[in-house]
Every structure is written in structure tokens, then in C-alpha cells.
1. With respect to A:Ser159, determine if the residue is in a loop (DSSP other than H, G, I, E, B) and among the hydroxyl-bearing types (Ser, Thr, Tyr).
2. Determine the pairs where a residue that is closer than 13 Å to B:His307 by Cβ, located within the stretch A:265-279, has a partner that is acidic (Asp, Glu) and surrounded by 16 or more Cβ atoms within 10 Å (Cβ to Cβ) with Cβ atoms under 8 Å apart, the partner being 6 or more residues away or on another chain.
3. For the subset of the stretch B:151-186 comprising residues that are surrounded by fewer than 17 Cβ atoms within 10 Å (Cβ to Cβ) and away from chain A (no Cβ under 14 Å), which member is nearest to B:Gly282 (Cα to Cα)?
4. Which residues, counting only those in the stretch A:90-115, are among the charged types (D, E, K, R) and in a loop (DSSP other than H, G, I, E, B)?
5. Among all residue pairs at least 6 apart or on different chains, which show Cβ distances below 6 Å where the first residue, located in the stretch A:168-184, is free of Cβ contacts under 8 Å to residues at least 40 places away in the same chain and at the interface with chain B (Cβ under 7 Å from one of its Cβ atoms) and the second is surrounded by 20 or more Cβ atoms within 10 Å (Cβ to Cβ) and outside any helix (DSSP H, G or I)?
6. Give me a count of the residues in the stretch B:205-234 that are among the polar types (S, T, N, Q), in contact (Cβ under 8 Å) with a residue 60 or more places away in the chain and crowded, with 23+ Cβ neighbours inside 10 Å.
7. Determine, yes or no, whether A:Ala193 is more than 14 Å from chain B (Cβ to nearest Cβ), surrounded by 21 or more Cβ atoms within 10 Å (Cβ to Cβ) and assigned to a strand (DSSP E or B).
8. Name the residue that is nearest to the other protein chains (Cβ to nearest Cβ), counting only residues in the stretch B:202-240 that are assigned to a loop (DSSP other than H, G, I, E, B) and under 17 Å from A:Ala173 (Cβ atoms).
Amino acid sequence: MANKFGKHRGRSPLSGRSKIARRLSKGKQKFKEESPNIDSPNEQGSFPFVSVIVPVMNERKTLRRVLSEASRVHPQTEVIVVVNGSTDGSLEIARKSGAKVLMYEHPLGHDVGRSIGAREAQGNILLFIDADMVIPAATLRAFVDAVTQGADVALNDYSGPVKKFTVHGVVLAKHALNQLLGRPDLEGSSITAVPHALSRKALDIIGTSALSVPPLAHTMAICKGLNVRRVIHVNVGQLNPMRLKRERKHSLTPLIMGDHLEAIQWWLRKTDSRGGYEDGDRQRWMVR
Amino acid sequence: MNKRRSIPNQIHLKNVLLRDRSTGVKDGINWRKSEAFNDSPGQLQEAAHKNWSQYFHRRAGGKGGDWKVILQRGKSYTSGFMKGVGLYSKIIPVPLRNTASAVVCACNRAIDLQSVLKKLSILPLKEIVVVLHNASDEMFTIARNYKNTVVVHFPEAVDPDVERSLGAKLTSANTLLFVDGEQAVDANILARFIWECESRVDIALNDISTRLGLFYQRAGIERFHEFLNRSLNRKDLKANSLSSLPFALSRHALDTMGISNLAVPAKAHAMAILGGLRIGIGGAVKSSSHYERSASNEKWRRAAGDHIEAWREAMTAQGSRLNFADSTRNRSVLGEWER
């Protein structure tokens with residue numbers, strides 16, 4: 001597989017594997033990994049209308065405020081926190097908040113928490129946010145409202161910094177993918193960015209697993225004819241100085257670039273060698 | 001500091017140019033006396049190109065160097081050469097070790113073809129392959145008027161990308177310069193594309209990126225080009241690609257990509273990168289038809305399909321994520337995937 005040849009920043013996959021191997025020899029840790037602890041407050045028989053999914057990895061600083069805003073999005077809201085690889089006390093904060101908490105000892109990897117959370121969600125509408133960014137409930141409500149009004153995928157109208165000659169790789173990838181999917185109107189908006197909301201229908205069509213590779217989920221949504229639209233602009237670039245710091249240390253750019261390619265490859269497999277685009281009147285047979 | 005250093009350099013260059021010129025005069029006189037002498041302008045041009053190439057590669061210091069200086073020296077030598085011969089014919093010299101040809105796909109405007117060929121005729125080209133379709137007698141006459149043209153004609157309209165690759169099949173030169181049949185480009189500029197391809201790279205692209213403006217103002221097609229380059233780890237190429245004329249290719253490049261793949265420029269471009277070809281810039285030409293091309297819906301859809309083909313090619317070679325592996329996600333916890 002291509003995975004072998006990638007640039008590994010941070011841990012190498014080999015060192016990761018040896019750790020897992022060590023754990024396995026110690027005991028039945030593996031099963032603990034695969035079926036998480038679920039901490040759920042008593043439900044009073046009422047089904048939630050909105051499920052807010054928040055993956056958390058060591059985000060103690062902002063978590064309390066993030067969860068408080070999330071819980072106020074709708075009167076019938078369940079907040080699902082997917083704590084993974086956290087050692088900073090995030091877990092306790094999540095538990096105290098009254099949210100449904102899923103706990104994984106090890107980091108799941110970028111955006112895998114979205115899939116895990118979505119799997120547990122019971123709401124008609126799923127709202128995805130990050131734990132390191134406090135977005136007011138009123139702002140989040142706009143995404144929920146968009147789905148209530150018929151959107152299947154309600155995106156943050158955020159395209160990143162584009163008034164430049166050379167844009168960031170992720171910004172380029174998002175624009176290129178939307179253009180390739182025939183949705184240039186979406187500009188650089190993507191499921192990759194939070195906040196965004198999905199209808200239950202969208203979740204059924206996309207499936208929970210693909211949410212771990214957001215550009216793939218984005219591509220599936222568009223190709224399967226879901227109603228995908230931009231809602232309001234939330235400047236997640238500016239809100240996130242912590243992320244900038246992390247980006248310098250351990251860049252996510254190669255991962256997200258790869259995600260976009262994986263999305264293109266999925267599309268390729270679902271269509272033909274030209275992604276369903278006609279060849280016009282090019283007489284290829286003339287040159288062999 | 002800079003100024004100080006540049007003065008002796010300039011004096012040095014002046015001396016070099018004078019020496020080149022006097023060598024040119026000498027060689028011109030010798031050619032006039034030789035049996036090969038012929039007073040047709042075509043013969044004179046050919047002799048001047050040939051003598052300059054020989055002189056440059058044997059004695060004038062050879063290989064690399066700044067193209068501007070090489071061009072200046074060539075002009076100095078060849079003007080001396082013509083003085084020595086006693087006849088004059090305009091040329092733009094490029095010191096070639098091997099042969100170069102041009103491929104022109106003409107659209108149906110005689111005036112454009114005329115001016116394009118006029119520019120090409122002063123370059124050291126072995127052949128100029130002119131691909132015509134539905135051509136008028138006038139177009140034929142123009143194409144045939146030049147001494148080294150090879151004219152191909154199709155009774156029906158053929159796609160320009162296909163025409164280019166057909167044209168490429170008809171010449172055996174080592175370097176191929178592909179130019180737009182609608183837009184005449186100064187021969188001095190075209191000369192550098194040939195030179196880069198001769199001396200440094202396998203593919204000399206047109207640098208359109210500086211003219212594109214800020215990212216958000218660009219046409220959708222440019223996003224494909226730029227993302228294709230970036231996904232193949234060639235951020236340095238920006239939005240430049242084989243989709244923009246003019247460009248020059250080495251024989252090695254043609255063999256690596258396969259001539260027939262030129263019919264799908266984006267795919268050829270990806271194959272060139274995947275094949276490890278040396279890809280650089282040959283110059284910056286403002287391409288008028290380029291913008292026109294970006295405009296229509298049909299062209300956009302076609303570019304999308306072409307790029308899908310390009311990625312498909314790349315993914316066949318390097319896997320679905322190319323060089324951007326996912327080594328951090330624990331996908332095993334996800335269970336079944338919609339594949």
C-alpha cells in the first residue's frame with residue numbers, strides 16, 4: 001500500500017505497532033480499545049433532536065466552555081464527547097458536564113472521533129465541532145437550522161486565506177476538490193472544517209466510517225446528490241492560535257492532502273476513468 | 001557593492017562579445033570560400049546557426065551559463081558571420097548540439113499562421129511541422145512558403161491536443177518546441193525554451209503562474225493544475241503545466257510519456273513527473289488563448305476529466321494517497337467501510 005511510503009512526522013508506524021504488541025502481551029487491553037467505556041447520563045426516555053459530536057484529545061483549556069455552548073444548541077440536545085489519548089484531565093471535565101462520554105485510552109487519530117461519536121448519535125441532526133474552539137451556541141444553531149430547513153450537509157462558509165498568490169495546501173486541495181466535483185460555488189468550504197451539521201439521511205448515505213476522512217465524506221455527499229450548502233462564515237482560522245502552534249510542530253497538511261486524494265480515488269472507482277466527465281470530440285484513436 | 005562587481009563583468013562580457021564577433025567574421029569568410037557556399041538566405045541562416053553551435057560547443061566555453069549572455073554572444077557571432085559572408089539574413093541563434101523542430105497547430109486564420117511561421121523561421125529548426133485542418137488554399141500557400149515546413153492536413157476538424165501529438169510523431173528531432181498557431185511569440189523568447197530543453201531540462205514549461213493573479217481570482221482550471229503539481233510534490237511548478245503553450249520537450253521526455261499521451265496534456269504532465277523527468281521553466285509567455293480556454297463550461301469539464309485521468313495514472317503507480325500516507329488514524333476501530 002501507499003501508506004508505507006508516506007512522510008511520517010512524529011511517531012513511526014513501526015513504533016506504534018510495537019506498543020500495541022506490548023499491550024497485547026500484557027493483557028486484554030485490545031478489547032478495551034475497541035469497545036469503549038460509555039458513560040451516559042440517565043435519559044428520560046426522550047430522544048434527542050440534535051447530537052453534538054466533540055472529539056477530544058487533551059483540550060482541557062477550552063473543553064468546559066465548548067461543552068456548555070454545545071448543550072444549548074437545541075432544547076433536545078445530546079452531547080457526545082469522544083475522549084481519546086487524553087492525559088490532561090479532559091475526561092473528568094467531560095464527565096462532569098453531563099455529556100455522553102466515550103473513552104479511548106490511545107489517540108484515535110485525526111477525525112476518527114467523529115465516526116465513533118456519530119455511531120452513538122441518536123439525534124435527527126448531527127453537529128460536529130472541535131474541543132479546542134469555543135463557538136457560541138447561537139452560531140452553532142445556524143447549522144442545525146439549515147438542516148431543519150432541508151439541507152443534508154450544512155457547511156461552515158470558510159474558505160481559508162485566498163487573497164494570496166500561493167495558498168496553503170489544504171486550502172488548495174479543498175478548492176480543487178469542489179471544482180472537480182462540479183461544485184465551485186462551495187469555494188473552499190468542506191466537511192473537513194468545523195462546525196458542520198449533517199442530516200440523519202446524510203449519515204445513512206455516507207456511513208459513519210467515512211466521516212474519519214472528511215474529504216471522502218464530502219465527496220460522497222456531493223456525488224450521492226445530497227443537498228450540500230454553505231451556511232454562515234465562522235472564522236476557524238482566526239479562532240485557533242493553539243492549532244497554529246501545533247501545525248508548526250506537527251503538520252496535518254500531508255494527512256489532509258492525502259485525504260483529498262483518497263476522496264478522488266473513491267470517486268474514480270465509483271465512476272469511470274474520467275470521473276464521469278465526457279471526452280468531447282477528441283479523436284484519440286488517431287494517435288496510438 | 002553590486003555595482004562595483006558588475007563593472008569588470010561588463011568589460012569582460014564586452015571583450016568576449018568582440019572576440020565572438022571577430023571569430024564570426026573569420027568563419028563567415030571561410031564559409032563563403034568553401035564549396036558549401038550558396039547564396040540563398042536559407043543556406044546562409046543554416047550555416048550561421050551551424051557555425052555558431054560548433055564554435056560555442058567546441059571553443060566558446062561550452063555548456064551552461066546565463067541564457068541572456070549566450071543569446072547576446074550568439075547574436076554577436078552570427079552578425080560577424082554574416083558580415084564575413086557579405087550577406088544578411090535575420091536569425092536568432094541557439095547553440096544546439098542536437099536537432100530541434102517545432103510543431104504548430106494552426107487554426108483557421110491565415111494571418112496568425114503567417115506571423116507565427118515568420119517568428120519560427122529565424123530559429124535553428126530542422127523542421128516546422130504545421131498541422132492543418134479544413135485549410136484554405138491560402139493557408140497551404142503560407143505553410144509551404146517556408147523552407148523547412150512539413151505540412152499535414154486533415155479534411156475534418158481535429159482536436160488541437162490530438163493534432164499536437166500527431167505532429168510530434170512526424171519529426172525525429174531531439175528537441176520539440178510546441179507553439180500556439182494563433183499567437184505569435186517573439187523568437188527571442190521561444191529560443192530560450194529550446195535552449196533550456198537542450199541544456200538543462202527534459203521539459204521547459206511556460207510560466208503562467210505569475211500572471212494568474214491572486215488565488216481567489218483564478219479560473220477553476222488553474223486549481224486542477226496547481227493541485228496536481230502539489231499532489232505530486234512539485235509545489236515549485238505552481239499552476240504551470242503541459243496544458244499551456246508554448247513548451248519544449250526533449251526526445252527523452254517524449255519517449256518517457258509516450259507521444260500518444262500528449263493528447264491528454266494533464267495526464268502527460270503527471271506521467272512526466274512520475275517518470276522523474278527534469279521539468280523546469282522555459283520562459284513566461286502571456287497566452288491569450290489560455291484565458292479563453294478557461295472560460296467555457298465544456299472546457300472546464302474536459303480539464304476535470306483530464307485531471308482525473310492524470311490522478312488515476314499517478315495512483316496506479318503510487319497508491320490512492322500518493323506520497324501522503326495516513327499513518328496516524330486507527331482505522332481498525334471503525335469496522336466496515338463503504339468502499
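The values are calculated or read from the model by the stated rules, or taken from the named source; none is laboratory data. Keep in mind that this is a model prediction, so the values were computed, not measured. A quick note on method: Cβ atoms are made from the backbone with ideal geometry, for glycine too, and the neighbour counts reach across all protein chains shown.
1. Working: in a loop (DSSP other than H, G, I, E, B): yes; among the hydroxyl-bearing types (Ser, Thr, Tyr): yes.
Against the criterion (in a loop (DSSP other than H, G, I, E, B) and among the hydroxyl-bearing types (Ser, Thr, Tyr)), A:Ser159 qualifies.
2. A:Ser273/B:Glu309; A:Arg274/B:Asp306; A:Arg274/B:Glu309
3. Filtering first and then ranking leaves B:Asp186.
4. Initially, the stretch A:90-115 is screened for residues among the charged types (D, E, K, R), giving A:92, A:95-96, A:100, A:105, A:111, A:114.
Once the filter is applied, which keeps residues that are among the charged types (D, E, K, R) and in a loop (DSSP other than H, G, I, E, B), the stretch A:90-115 yields A:Glu105, A:Asp111.
5. Note: pairs meeting the criteria are A:His175/A:Gly188.
6. First, pick out the residues of the stretch B:205-234 that are among the polar types (S, T, N, Q): B:206, B:209-210, B:217, B:229, B:231, B:233.
After this cut, where a residue has to be in contact (Cβ under 8 Å) with a residue 60 or more places away in the chain as well, the list is B:206, B:210, B:231, B:233.
Now drop any that are not crowded, with 23+ Cβ neighbours inside 10 Å, which leaves B:206, B:231.
Count: 2.
7. Numbers: more than 14 Å from chain B (Cβ to nearest Cβ): yes; surrounded by 21 or more Cβ atoms within 10 Å (Cβ to Cβ): yes; assigned to a strand (DSSP E or B): no.
So A:Ala193 fails the test.
8. At the first step, the residues of the stretch B:202-240 found to be assigned to a loop (DSSP other than H, G, I, E, B) are B:202, B:207-208, B:212-214, B:218-219, B:232-234, B:238-240.
The next check asks that each one be under 17 Å from A:Ala173 (Cβ atoms); those that pass are B:218, B:232-234, B:238-239.
Numbers: B:Arg218: 9, B:Leu232: 10, B:Asn233: 10, B:Arg234: 12, B:Lys238: 7, B:Ala239: 10 Å.
Here the residue is B:Lys238.
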